[in-house]
Amino acid sequence: MILFLLSLNVLAHPVIFQDGKEIMTNYQPFLQEYNFMYSVNSKNSLGFKQMNTKDEKMSLLTYNHLFKRFNGNDSQGNIYLLTGMGSNEDSQFSYNLGLEADWESRRIYVSGKTVNMSHNNLLRLRTGFAPYKASFEDLNMWLMVEYTSFGKNNEVTPFVRLYYDFLLIEVGYGLNKNFMLNTMFHF
């Protein structure tokens with residue numbers, strides 16, 4: 001059980017294991033994010049983020065902090081502080097400041113994320129379930145749905161999350177006919 005909870009922490013959060021590195025991409029037509037993060041320890045990560053929208057491109061240095069972890073018998077919850085500072089393509093100051101929280105067991109996942117950015121706000125709510133229990137060494141699958149609000153864009157996206165070892169991929173198609181593709185790799 002402990003190995004499983006550690007594997008969830010490695011595959012789904014803005015801070016991972018000490019000295020861990022993460023490459024993450026998030027794609028939807030109205031928002032693309034490209035991240036590289038390095039976890040200094042199990043509570044803090046530093047990194048670089050490139051965010052592209054229809055209106056703006058931002059390059060940010062990021063700092064994320066695990067504010068609180070709640071461990072249950074078969075579940076785990078986390079609260080994170082998300083920060084970033086940098087500039088946009090016009091060399092104007094850009095920032096993001098947000099909170100992310102999640103709770104997960106071996107079968108149920110719930111999360112919420114809100115980020116205030118220089119010119120927009122992001123709200124992302126997710127829930128899902130695993131149709132079967134799998135060990136960390138096996139292919140894990142989750143069936144999920146995400147609500148995203150970003151600027152004038154509101155999208156509900158059913159998607160499939162697959163992960164194996166330290167690789168995660170999420171593929172979905174929104175009710176507004178927007179394709180979603182997210183990837184995450186830890187090393």
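Read-outs throughout are calculated quantities, based only on the coordinates presented, and are distinct from any laboratory measurement. All of these numbers come straight from a predicted model, not from anything done at the bench. Neighbour counts are summed over all protein chains in view; Cβ atoms, including those assigned to glycine, are modelled from backbone coordinates with ideal geometry.
Multiply the residue gap between THR114 and ASP165 by 0.36 nm, knock off their C-alpha separation, and tell me the result in nm, one decimal place. Can you show the working numbers first?
Details: separation 51, 0.36 × 51 = 18.36 nm, distance 2.82 nm.
Net length gain for the segment: 15.5 nm.
Quick one: length gained pulling VAL156 to HIS65 fully straight, 0.36 nm per residue minus the C-alpha distance?
30.0 nm
How do 64-77, 117-130 rank on mean C-beta neighbours within 10 Å, highest first? Intermediate results must be reported in sequence, preceding the final value.
Numbers: 64-77: 14.1, 117-130: 16.6.
The densest-packed peptide leads the list: 117-130, 64-77.
On the principal axes of its Cα set, how long, how wide and how thick is segment 68-113? Give whole Å, largest value first.
For segment 68-113, the Cα spread along each principal axis is 49, 18, 10 Å.
Relative contact order of the chain: what whole-number percent is it, with Cα pairs under 8 angstrom and at least 6 residues apart? Show your work: numbers first, answer last.
On the way: 502 pairs, mean separation 30.6, N = 187.
Once divided by the residue count of the chain, the mean separation gives 16 percent.
Counting only the backbone N, which residues of segment 106-130 are under 19 Å from the spot 7 Å out from the Cα of TYR147 toward its beta-carbon?
Zone members listed by number: 109-116, 121-129.
Provide, for q = 0.09 Å⁻¹, the log10 of I(q)/I(0) from a solvent-free Debye sum over equal Cα point scatterers in the chain.
These q points yield log10 I(q)/I(0) values of -0.30.
Take the alpha-carbon positions of segment 64-141, form their convex hull, and give its projected area averaged over all directions (one quarter of the hull surface) in nm².
Details: hull surface 27.2 nm².
Mean projected area for segment 64-141: 6.8 nm², to one decimal.
Do the sum for the chain: with -39,500 (n - 2.57) for every DSSP H run of n ≥ 4, divided by all residues, what is the mean residue ellipticity at 222 nm, to the nearest 500 deg cm²/dmol? Mind dumping the intermediate values first?
On the way: 1 runs with 11 residues, N = 187.
Value at 222 nm, helices only, nearest 500: -2000 deg cm²/dmol.
If Rh is defined by the Kirkwood formula over all Cα pairs and Rg also comes from Cα, what ratio Rg/Rh do you get for segment 126-181? List each step's numbers first, then the result.
On the way: Rg = 12.7 Å, Rh = 12.1 Å.
That ratio is 1.05, to two decimals.
Testing the spin-label approximation: label points 7 Å from Cα along Cα→Cβ at ALA101 and ASP55. State their distance in nm.
Using points 7 Å along Cα→Cβ, the separation is 2.8 nm.
For the chain, find the longest principal axis of its Cα atoms and tell me its angle to the long axis of helix 2-12, 0 to 90°, nearest 10.
For helix 2-12, the angle is close to 20 degrees.
Of the listed pairs LYS68/LYS152; LYS68/LYS133; LYS49/LYS177; LYS113/LYS152, which have alpha-carbon separations greater than 21 Å here? If you can, show how the numbers build up before the last one.
Working: LYS68/LYS152 32 Å; LYS68/LYS133 26 Å; LYS49/LYS177 26 Å; LYS113/LYS152 17 Å.
In this structure, LYS68/LYS152; LYS68/LYS133; LYS49/LYS177 exceed 21 Å between Cα atoms.
Let's test the formula: R0 of 25 Å, r as the Cβ-Cβ distance of ASN41 and PHE185. What FRET efficiency results, to the nearest 0.05? Please list the in-between numbers first.
Numbers: r = 20 Å, r/R0 = 0.81.
For ASN41 and PHE185, the calculated efficiency is 0.80.
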